[in-house]
1. Can you run down the residue pairs with Cβ atoms below 9 Å, 6 or more apart or on separate chains, where the first is in region 173-197 and within 14 Å of Thr145 (Cβ to Cβ) and open to solvent by 20 Å² or more (accessible area, probe 1.4 Å) and the partner is among the acidic types (Asp, Glu) and at pLDDT below 95?
2. Hey, among the residues in region 202-215 that are within 18 Å of Gln147 (Cα to Cα), in contact with a strand residue (DSSP E or B) (Cβ under 6 Å, 6 or more places away or on another chain) and not aliphatic (A, V, I, L, M), which one's surrounded by the fewest Cβ atoms within 10 Å (Cβ to Cβ)?
3. Out of (1) of a type in the set (Val, Ile, Thr); (2) modelled with pLDDT under 85; (3) out of contact with any Phe, Trp or Tyr (no Cβ under 6 Å at 6 or more places or on another chain), the odd one out for Val159 is which?
4. With Val260, Val236 as the choices, which residue is free of Cβ contacts under 8 Å to residues at least 24 places away in the same chain and surrounded by 15 or more Cβ atoms within 10 Å (Cβ to Cβ)?
5. Consider region 195-210. How many of its residues are over 16 Å from Val157 (Cα atoms) and over 19 Å from the mean Cα position of the chain (by Cα)?
6. State whether the residues of region 283-292 include one that is open to solvent by less than 20 Å² (accessible area, probe 1.4 Å), at pLDDT 85 or above and more than 30 Å from Trp201 (Cα to Cα).
7. Criterion first (over 26 Å from the mean Cα position of the chain (by Cα), in a loop (DSSP other than H, G, I, E, B) and touching a residue at least 40 places away in the same chain (Cβ under 8 Å)) does Arg213 satisfy it?
Amino acid sequence: MLETSARLLALLGLLQSSAGWTGADLATRLDVSERTVRNDMTKLRELGYPVESVRGPGGRYRLGSGGKLPPLLLDDEEALAVAVGLRAATGITGVAETSARALGKLEQVLPDHLRRKLAAVVDAMDAGPVNTDSNVPDPDVDAGTLQALATAIRDHVGVRADYRDEPIEVEPYRLIAWQRRWYLVARDPRADAWLPLRVDWLRLKIPGGRPFRPSDPSFDLTEFVVREVARTGWAVHARLIIAASAEEVISRINPAVGTVEPISPDRSVLVTGGDSLEVVAVWIGMLGLDFTVESPPELVDHLRVLAERYAAASTIAPNPVS
């Protein structure tokens with residue numbers, strides 16, 4: 001049986017995890033009598049916690065709103081998930097400072113073993129520029145996978161995994177949060193090539209790879225992810241000829257949209273992409289410059305459909321005959 005103080009914390013944790021508990025369920029979980037549960041509820045109320053109860057056969061206890069803020073009891077995975085979200089939010093305008101403060105407070109109250117795990121994740125992370133236009137659901141990323149990758153980055157240990165059903169062994173360097181996706185920047189030592197790998201496409205193998213001596217990349221890893229994903233990592237890739245200089249195009253685009261290469265003083269190439277034809281078409285329309293689509297042909301067909309739709313929408317309907 002837990003001591004009283006430990007039992008009260010465990011009781012608070014249970015009340016936070018569910019909309020309602022019966023006295024019998026709580027007694028079973030805590031290995032005490034229902035009378036002890038009732039006494040503990042009284043103690044929580046005396047401490048200022050808004051414990052509500054409904055009497056009768058269907059009676060339940062629940063934690064109401066208001067009163068003192070109870071201790072936030074998180075297990076390891078929950079604390080890691082909160083920290084990852086706060087770390088990613090530190091790159092978002094408007095909430096960056098608040099998120100950084102909240103992350104600092106979370107770090108202060110974590111036990112040593114979890115603080116080390118959190119430090120590994122935070123140290124391994126960066127965030128790229130954000131563009132929120134998308135009509136594709138966010139992929140699920142396992143928090144345990146992020147933790148394992150962060151630990152491998154910290155300890156300079158290789159990663160063995162299946163990536164889109166192909167076996168790989170790479171040296172991990174950085175986790176990048178960009179475009180609501182997680183990417184691992186890794187080096188393939190056999191090919192001496194750098195790769196941006198989508199974390200949700202990784203299936204880690206145990207044991208991992210061999211220890212390695214990290215090298216110092218001669219480029220910015222976040223910019224590398226933005227550039228390479230724009231070139232290879234989208235579901236839809238597009239290559240456009242823009243009737244404007246590279247400088248003009250760069251001044252008009254979000255860095256998350258793609259990369260620009262000059263052709264001549266008044267023409268350039270924009271390599272971009274997205275998770276759907278609709279998203280790419282929206283981005284191009286927002287550019288405000290004349291362009292020609294080199295690829296893919298499906299994008300040309302989609303733009304023709306949009307052109308007909310917009311043309312029809314711009315036609316002034318005749319006045320109805322009275």
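1. Trp182/Asp200
2. Across region 202-215, the extreme among qualifying residues is Pro211.
3. Every listed condition holds for Val159 apart from (2).
4. Just one listed residue meets the conditions, Val260.
5. Within region 195-210, residues that are over 16 Å from Val157 (Cα atoms) and over 19 Å from the mean Cα position of the chain (by Cα) number 1.
6. The answer is yes, given that some residue of region 283-292 is open to solvent by less than 20 Å² (accessible area, probe 1.4 Å), at pLDDT 85 or above and more than 30 Å from Trp201 (Cα to Cα).
7. Criteria met by Arg213.
Yes or no, residue by residue, for (1) modelled with pLDDT under 70; (2) touching a helix residue (DSSP H, G or I) at 6+ places or on another chain (Cβ under 7 Å); (3) of a type in the set (A, V, I, L, M); (4) under 28 Å from Pro196 (Cα atoms):
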site	(1), (2), (3), (4)
Glu46	no, no, no, no
Gly58	yes, no, no, no
Ala81	no, yes, yes, yes
Leu86	no, yes, yes, yes
Leu118	no, yes, yes, yes
Met125	no, yes, yes, yes
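The values are calculated or read from the model by the stated rules, or taken from the named source; none is laboratory data. Source: prediction; values computed, not measured. Cβ sites come from the backbone with ideal geometry, for glycine too, and all protein chains shown count toward neighbours. Accessible surface areas use protein heavy atoms only, side chains included; no ligands, DNA or RNA. Shrake-Rupley method; radii C 1.70, N 1.55, O 1.52, S 1.80 Å.
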